[in-house]
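The values are calculated or read from the model by the stated rules, or taken from the named source; none is laboratory data. Just so it is clear, the structure is predicted and the values come from calculations on it, not from any experiment. Virtual Cβ from ideal backbone geometry, glycine too; neighbours counted across all protein chains shown. All accessible areas refer to the heavy atoms of the entire protein, side chains included, with ligands and DNA or RNA removed. Shrake-Rupley method; radii C 1.70, N 1.55, O 1.52, S 1.80 Å.
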Amino acid sequence: MVRKLSNTNYLHDVPAEHTEANERNRKYIDRFVTENYNGLVAKFSPLDGTINSSAFGALDKLNSTIISLYTDPNLHFTDWEQANRYLSSKFTEKAIRVPVKKPVKSEAGESEDEFIND
């Protein structure tokens, strides 16, 4: 007799997590993704055969990163040039990446820069 293997952790419904999009940045991220997605897929596809410890391939990580940009409540772009510079740096290999400051909104409502290095 052959027993069917199953993972009992997935036998119940898992509730979906709903996170609100940061509407202020949506137009900048939409434009960046529209202009660059095919190039990013071509860049990440050769790496997709490698699966990391979280069971993500390179294209999974690419799409996850894009979604996280949409939902980051602290991200605060003031213009397209700033958005393009920051977003382009997010998709550059870490070994050759030039760190770009993450544009954030301060408590007082003025733009404040937070240094990001990932």
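Descriptive notes on the structure:
- For the range 23-86, the solvent-accessible area works out to 61 Å² per residue, with a probe of 1.4 Å and every protein chain left in place.
- Straight Cα distances below 19 angstrom link residue 27 to the lysines 90, 102, 105, with same-chain residues fewer than 8 positions distant left out.
- Charged side chains reduced to their Cβ positions (Lys and Arg at +1, Asp and Glu at -1) give the range 32-94 a dipole of some 160 debye around its Cα centre.
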